[in-house]
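**Q** Take a look at the following structure, please.
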Amino acid sequence: MSLSELTDQRPVKRPLRRPLKSTAALGKKRRTQAERSREMRTRILDAAVTVLRRKGYAQFRTADVAKAAGVSRGAQLHHFATKEKLVYATMEHMFHNVLETSRGRARALRKGQDPLERVVADAREFFFSDSFFVALDIGTSITDARVRRKHMVMVRGARLPAEQAWLQALVASGVPERVADDVLWLTLGLVRGLAVRMLWQNEPAHFDRLLALWRGIVGSYIEQSR
């Protein structure tokens, strides 16, 4: 090829590459390491709740949790090095959510609303929930006294503030404090007992009828005590 032929060749035109848009340009905020870590923990804990409810504490295996969460065993062990730590963190995770829900409902009570009806509804949602049955199973399955005490302290720390919030709501609605305390204890005991009975006799319609009867009885008692 001659020099003239070489110089006559025109450069091949290449398509221009568009610059990649940054995360900020796309309007998406890059997650921080701390956020990713929290999301991973929550994912593992939610999976642990599912496994505990399905298999029970006696058959609980951390490998099953990793599989249910869709994470590697190494990732799980990074956050929860032992079965005991995973189970305890799962209990904390469940009861923290329940506590915040109950407190929010008690604070949202407005004048003219039936506080007892809302106490019963909140108690029923908790005692008939996975959280309660998982806690019940763990509490009756753990043989190590130290571990059992640790779990009971955590449960009391999560449930008693919720009960205190409902006690304050009842008092704020005009129920004498002593009466409110007695009514709350009896109501929670009744709902908890029906929840346990559900393990061998699940009759929701019957439970509804009994709780409606209880509200009527207690309602009359409260009116007489004002």
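Where a number appears in this text, it was derived from the coordinates with a stated rule and is not lab data. Here the structure is a predicted model, which is why all the values come from computation and not from measurement. Every residue, glycine as well, gets a Cβ built from its backbone with ideal geometry; the counts of neighbours run over all protein chains shown.
**Q** Please give the length that would be gained between Arg41 and Ala172 if that part of the chain were fully extended, namely 0.36 nm times their separation in residues minus their C-alpha to C-alpha distance (nm, one decimal).
**A** Length difference between fully extended and current span is 43.3 nm.
**Q** At 222 nm, what helix-only mean residue ellipticity would the chain give, in deg cm²/dmol to the nearest 500, using -39500 (n - 2.57) for each DSSP H run of four or more?
**A** -24500 deg cm²/dmol
**Q** Can you put Ile142, Ile217 in order, fewest other beta carbons within 10 Å first?
**A** Ranked by crowding around the Cβ, least crowded first: Ile217, Ile142.
**Q** Please identify every one of the chymotrypsin sites (Phe, Trp or Tyr not before Pro) in segment 155-226 that sits in a loop by DSSP and has no more than 10 other beta carbons within 10 Å of its own beta carbon.
**A** Trp200
**Q** Report the local net charge at Ala106: Lys and Arg +1, Asp and Glu -1, summed over other residues whose C-beta lies under 9 Å from its C-beta.
**A** +3
**Q** Could you please report the charge total around Thr90, scoring K, R as +1 and D, E as -1 over all other residues with beta-carbon less than 14 angstrom from its beta-carbon?
**A** +3
**Q** What percent do you get for the relative contact order of the chain when only Cα pairs under 8 Å and 6+ apart count?
**A** 20 percent
**Q** Identify which of the listed values of mean projected area of the Cα convex hull in nm² was calculated from the structure shown: (i) 15.8; (ii) 23.1; (iii) 14.7.
**A** Step by step, mean projected area of the Cα convex hull in nm² for this structure corresponds to label (ii).
**Q** Which cross-chain or sequence-distant (5 or more) residues have an amide H under 5 Å from the amide H of Val71, H modelled 1.01 Å from N in plane?
**A** Those lying under 5 Å, H to H, from Val71: there are none.
**Q** Further, regarding this structure: If you average the sequence gap of Cα pairs under 8 Å that are 6 or more apart and divide by the length of segment 33-81, what percent do you get for the contact order?
**A** Contact order relative to length: 38 percent.
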